[in-house]
Amino acid sequence: MRVGRDGVIGLIVTALSLGLLVQSLSLPQLPLTPIGPGFYPRIVLGLLALAGVVLFIQDVMANRAESSTDGEVQSPPGFWRVPLLFGIVAAYIFLLPILGYRLATILFVLALMPAIEWPTTIRAWATVIAISVATSLVSHLAFERYLLVLLPRGSLTGW
Amino acid sequence: MLELLGNALLTIMQWKYLLPLFLGTLMGVIGGAIPGVTITLTIIILLPFTFGLDPLQGLAAMTGVYVGGSAGGLITASLLGIPGTPSAIATTFDGFPMARAGEPGRAVWLGIWASCFGGLIGGLFLVLVTGPLAAIALQFGPWEYFSLFILALAMVAGLAEGSMTKGLISAGIGLLIAMFGNDPVGGIPRFTFGSDFLSGGFPFLPVLIGIFAFSQIMTDVENLSRPKAARASDQVKGSLRVSHLKVIGEIISRPFLLLWTTIVGIAIGVLPAIGGSAANMLAYDQAKKFSPHPERFGKGTPEGIIASESANNANVGGSLVTIMAFGIPGDAVTAVMLGAMTIHGIQSGPLFVSQNAELAYGIYAAYILAHPLMVLIMAVAAVIMLRISQVKLSILAPVVLVLCVIGAYAVNNTMNGVYVLLIFGVVGYALVRTRFPLAPLILGLILGEQIELNLIRAIMTDDNLWLFITRPISGGLLLVALVSVVLSIWQHVRHARRTATVEPDF
């Protein structure tokens with residue numbers, strides 16, 4: 001029996017659904033309503049667990065070694081950038097309440113632009129710096145001054 | 001009705017509303033023209049800007065994005081051979097050959113005017129049909145609502161590309177996300193595991209932004225090293241000047257084509273979460289089937305451009321009908337609009353038109369006025385749009401992500417929304433990579449609470465579960481849902497068998 005990517009996902013969906021289904025059994029019953037807060041989740045989670053099993057069976061039945069069309073896709077050439085970009089976004093979100101919107105945004109754009117396309121000339125680096133500063137300051141001005149949306153202040157910097 | 005519409009048109013023509021509508025339409029045209037930036041992403045970018053506006057200003061801007069974006073994709077489709085949005089894919093088939101054959105102006109303007117006419121006919125449908133449909137929906141009890149929402153989910157899951165099981169799982173994940181936090185009847189904490197972060201549940205807009213924006217941008221970044229489909233040398237040269245009367249004459253001289261493809265667009269728009277990409281392809285297919293010269297399709301025939309563009313703009317009108325009459329978003333764009341309405345404390349659904357008549361008619365008026373604005377923007381700046389459409393991803397992505405973070409933060413002015421954004425950004429990207437459709441997830445997320453509420457209301461009114469089937473409208477809706485699921489299973493099986501017979505056995 002060969003289990004492909006979809007089969008593994010099916011098993012994960014089933015396991016998570018059953019885990020939450022068990023959790024839903026401990027939800028209290030409300031005195032005034034015939035059904036409690038766990039009634040509806042149990043229906044959805046039961047069906048979700050079943051769908052996970054169906055996906056697993058479909059995957060096994062499809063014999064993935066032969067049908068490659070829906071199966072293991074090759075990673076695109078720029079796949080390596082994706083975890084890097086998610087890392088930069090996570091760092092930005094971590095730094096936002098510490099450094100504040102303006103500073104964190106400058107650093108974020110400064111890190112993200114070269115991660116997507118590495119600047120090779122001094123002019124390209126100057127563009128990166130200019131866009132970083134402009135993105136931060138223009139968006140801050142537009143949202144705080146004109147659209148009355150308050151952006152995060154830094155606990156470390158105070159602005 | 002006409003008086004209300006007239007007043008709404010006069011209201012929208014005030015600078016206070018006309019400016020957001022114009023800027024929204026402009027943003028939509030630009031977003032639509034940039035390959036890799038969908039209308040959904042454009043409206044997500046716009047979203048944080050609408051928080052500081054009054055509801056009609058915000059919704060007018062969003063309607064403008066929707067109309068402008070549906071038309072904007074035709075610029076790059078015709079002049080570069082790359083559809084700016086999925087809703088302009090079929091425009092490429094004839095627009096690009098026509099432009100390459102030395103008629104770029106004719107190709108672009110046939111598309112623009114067809115978009116305008118198709119959209120305006122869609123507007124007529126929107127104005128005339130929304131009220132009566134909402135009146136029908138007002139007769140619904142919790143059984144009917146429950147069955148209607150199940151029908152919407154079944155259709156979306158069944159019509160999803162690829163595996164139907166994945167469509168159903170995606171819908172189930174959406175329903176599951178909506179369950180976290182307090183239950184909607186008794187307020188009992190559910191699946192919170194004692195965490196403060198989970199106690200409020202997952203706010204809808206950050207989930208939506210995370211799922212759509214990240215999956216789109218990360219996929220674009222992944223494909224950055226791939227050779228471009230069209231190089232600069234493939235660009236069409238020549239002027240976009242054209243005799244507008246002649247182009248309009250070309251469209252109007254084909255009234256059946258225009259009307260039929262517009263009806264196809266509207267019908268696809270009314271059905272939940274199918275969207276403009278299906279509308280333009282289906283309309284193109286219909287135009288080819290009804291044409292006395294099907295062999296001319298794909299070689300630069302005007303019929304192909306008219307069909308595709310009239311359908312994708314008419315589709316917008318259809319989508320707006322569904323959200324305004326039933327509170328069910330027709331696609332991701334209307335889902336964001338629904339989220340924006342919630343932020344402003346406006347409840348969508350059958351009571352929306354009667355209780356918020358000014359706002360509802362304001363949306364109609366904004367939708368109608370967005371079309372001449374779109375034509376004006378195209379007339380002034382179509383060539384500039386082409387330049388803007390070639391903006392580098394390294395500039396676009398950081399700006400878009402910063403706006404996404406602002407949008408998620410501004411929902412409650414807390415970092416929780418931003419954390420949710422990141423979590424669901426990863427989830428959305430993982431789902432796209434593993435080929436799970438996103439539309440069912442979003443619909444499940446939006447409808448989850450309403451499904452649960454109506455189920456409980458129905459059972460609290462009468463615990464006889466057979467009522468879901470024996471009440472005629474509810475039973476009819478569930479029957480259609482069942483037929484829809486069976487039909488899509490049958491289609492999937494048939495497709496799999498055909499593939500198995502066609503593919504050589506190595």
Among residues of segment B:50-95, those that are modelled with pLDDT of 85 or more, surrounded by fewer than 24 Cβ atoms within 10 Å (Cβ to Cβ) and within 14 Å of another protein chain (Cβ to nearest Cβ), counted: 3
Output for segment B:408-442, where each listed residue is aliphatic (A, V, I, L, M) and not in a helix (DSSP H, G or I): B:VAL411, B:MET415, B:LEU438
Residues within segment B:192-219 that are facing another protein chain (nearest Cβ under 9 Å) and surrounded by 19 or more Cβ atoms within 10 Å (Cβ to Cβ), tallied: 3
Among the residues listed as A:LEU96, A:LEU148, the single one being on the phi > 0 side of the Ramachandran plot and at the interface with chain B (Cβ under 9 Å from one of its Cβ atoms): A:LEU148
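So how many residues does segment B:26-55 have that are part of a helix (DSSP H, G or I) and either within 19 Å of the chain's Cα centre (by Cα) or aliphatic (A, V, I, L, M) (or both)?
Within segment B:26-55, residues that are part of a helix (DSSP H, G or I) and either within 19 Å of the chain's Cα centre (by Cα) or aliphatic (A, V, I, L, M) (or both) number 19.
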Qualifying residue in segment B:362-378 (condition: at the interface with chain A (Cβ under 10 Å from one of its Cβ atoms), part of a helix (DSSP H, G or I), over 30 Å from B:GLY141 (Cβ atoms) and without any contact (Cβ under 8 Å) to a residue 12 or more places away in the chain): no
Residue count for segment B:169-201, restricted to those that are touching a Leu at 6+ places or on another chain (Cβ under 8 Å) and over 18 Å from A:LEU27 (Cβ atoms): 6
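I'm trying to understand the selection: among the residues of segment B:177-204, which are in a helix (DSSP H, G or I) and more than 23 Å from the chain's Cα centre (by Cα)?
Here is the first cut: in segment B:177-204, the residues in a helix (DSSP H, G or I) are B:177-179, B:196-199, B:204.
Across segment B:177-204, the qualifying residues are B:MET179, B:ASP196, B:PHE197, B:LEU198, B:SER199.
Every residue, every condition in (1) in contact (Cβ under 8 Å) with a residue 40 or more places away in the chain; (2) within 20 Å of B:SER70 (Cα to Cα); (3) in a helix (DSSP H, G or I); (4) not charged (D, E, K, R), yes or no:
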position: B:GLY300; (1), (2), (3), (4): yes, no, no, yes
position: B:ASN313; (1), (2), (3), (4): yes, yes, yes, yes
position: B:GLN347; (1), (2), (3), (4): no, no, no, yes
position: B:VAL353; (1), (2), (3), (4): yes, no, yes, yes
Filtered residue count, segment B:419-458, keeping only those that are farther than 25 Å from B:PHE197 by Cα, buried (at least 21 other Cβ atoms within 10 Å of the Cβ) and at the interface with chain A (Cβ under 9 Å from one of its Cβ atoms): 3
Which numbered condition A:LEU137 fails, given (1) exposed (fewer than 12 other Cβ atoms within 10 Å of the Cβ); (2) more than 8 Å from every other protein chain (Cβ to nearest Cβ); (3) of a type in the set (A, V, I, L, M, F, W, C): (1)
Every residue from segment A:13-32 that is more than 8 Å from chain B (Cβ to nearest Cβ), among the β-branched types (Val, Ile, Thr) and either touching an Asp or Glu at 6+ places or on another chain (Cβ under 7 Å) or surrounded by 12 or more Cβ atoms within 10 Å (Cβ to Cβ) (or both): A:THR14
Subset of segment B:68-118 [of a type in the set (Gly, Ala, Ser), in contact with a Leu (Cβ under 9 Å, 6 or more places away or on another chain) and assigned to a loop (DSSP other than H, G, I, E, B)]: B:GLY84
Selection count where residues are in a helix (DSSP H, G or I) and either within 21 Å of A:PRO41 (Cβ to Cβ) or touching a helix residue (DSSP H, G or I) at 6+ places or on another chain (Cβ under 8 Å) (or both), scope segment B:451-475: 17
Residue, farthest from the chain's Cα centre (by Cα), within segment A:1-12, restricted to residues that are of a type in the set (Val, Ile, Thr) and more than 7 Å from chain B (Cβ to nearest Cβ): A:VAL3
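Taking the condition in a helix (DSSP H, G or I) and at pLDDT below 85, does B:VAL493 pass?
Here the answer is yes, as B:VAL493 does meet what is asked.
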Hits in segment B:410-433 - residues which are at pLDDT below 90 and either under 16 Å from A:SER139 (Cα atoms) or polar (S, T, N, Q) (or both): B:ALA410, B:ASN412, B:ASN413, B:THR414
Some residue of segment B:154-175 being outside any helix (DSSP H, G or I), modelled with pLDDT under 85 and among the β-branched types (Val, Ile, Thr): no
Selection from segment B:390-400 of residues that are more than 8 Å from chain A (Cβ to nearest Cβ) and in contact with an Asp or Glu (Cβ under 9 Å, 6 or more places away or on another chain): B:LEU396
Selection status of B:LEU23, in contact (Cβ under 8 Å) with a residue 24 or more places away in the chain and part of a helix (DSSP H, G or I): yes
Check on B:LEU403, under 30 Å from B:MET13 (Cβ atoms), within 8 Å of chain A (Cβ to nearest Cβ) and at pLDDT 85 or above: yes
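The values are calculated or read from the model by the stated rules, or taken from the named source; none is laboratory data. Quantities reported herein were computed from a predicted structural model and do not represent experimental measurements. Note that each Cβ is placed from the backbone with ideal geometry, even for glycine, and that neighbours are counted across all protein chains shown.
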